Structures are given as C-alpha cells and as structure tokens.
Amino acid sequence: QLDTTGLSLAAAQAQADVGVANAVRQQSAIDHTSMKIAVDEAALRRAQSLYAAGVAPLKDVQSARAQLAADRAEAATTAAQVQTAAAQTQSAQARAAMAQRDLANGTLRSPVDGIVTAPPATSPSTSRRPTPRAFVRAIR
C-alpha cells in the first residue's frame, strides 16, 4: 500500500467540487426572467394601445420595448449560464472519477503472495510513467 493521503484528499476535494457544481447548476436553472418578460410584453401592449389612443407619448412605447429587449437578452445569458454550469458539473464529475482511480491505484497488486522490495521506478531518460514492474520477494 502506497501512501495515499494526498490522493484521498484530492478525491475528497473533487467530490466536493461535484457538489458545488451541482448547486451552481441548480441555481442557474431557476427561471427568473420568464415572468419579467411576460410583464414586459403586457406593458408594451398597454403602452402601444395608449399611444394609439393618443393618451401616452411615444417615449413610453420605446421605453417598454427597451425593457423587453433587455429582459430577453438577460434570458439568453441565463440559458448560456445553464449550459456552462452543466459542462462544469460534467468536468467536476470526471475529475472526481480520475481522483478515485488514482486513489485505487495506490494499492499495489501482484498475482503472487509476497512483499514488495522495490516499488516501480521512474526513469527520467525513458519515460515519465513508472515502469509496470515491481520486485516482489515470494513468501513461502
């Protein structure tokens, strides 16, 4: 068994990141703008009818149109944030899975019973990955 303290902490942090990403995704999925858009559409219709009747100035119609456009732009931004939050959740889940795999790889396994006398070595001249063999002294 290798020292897996750092790997355990990394796995726990990755799992916490998944929880945070899920919370952000749920918060961004809440629809705050559809009601504002419905109110803005009604206000625009009212302003247009009052303007047509000669009771309200053109400025009120223009203001209602601008507010509706701003809220529609906000709705588009919110939709993009939902997609971003979903992607962040997937990324956090992948990091958590990789951290769990790294933690599981902290246990050396051998087809024979024995004691590891030398862990896998890393040779900077040949590879950055450990060689796949460890020296095992058989127990009889």
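Starting from the 7 Å offset along Cα-to-Cβ, what nm value, one decimal, do you get for the label separation of residue 105 and residue 42?
Calculated label separation equals 5.9 nm.
So, R0 is 25 Å and r is the distance between the beta-carbons of residue 112 and residue 4; what FRET efficiency does that work out to, to 0.05?
Taking R0 as 25 Å, the efficiency between residue 112 and residue 4 is 0.65.
Tell me the label-point distance for the pair residue 62, residue 93, using the 7 Å Cα-to-Cβ offset, in nm and rounded to one decimal.
Label-label distance for residue 62 and residue 93, simple model: 5.0 nm.
What full-extension length gain, to one decimal in nm, is calculated for residue 78 and residue 34 as 0.36 nm per residue of separation minus the Cα-Cα distance?
Values: separation 44, 0.36 × 44 = 15.84 nm, distance 1.07 nm.
The span from residue 78 to residue 34 would gain 14.8 nm if fully extended.
No lab work stands behind these numbers, since they all come straight from the coordinates. All values reported here derive from a predicted model rather than from experimental measurement. Using ideal geometry, Cβ is built from the backbone for each residue, glycine included, and neighbour counts are taken over all protein chains shown.
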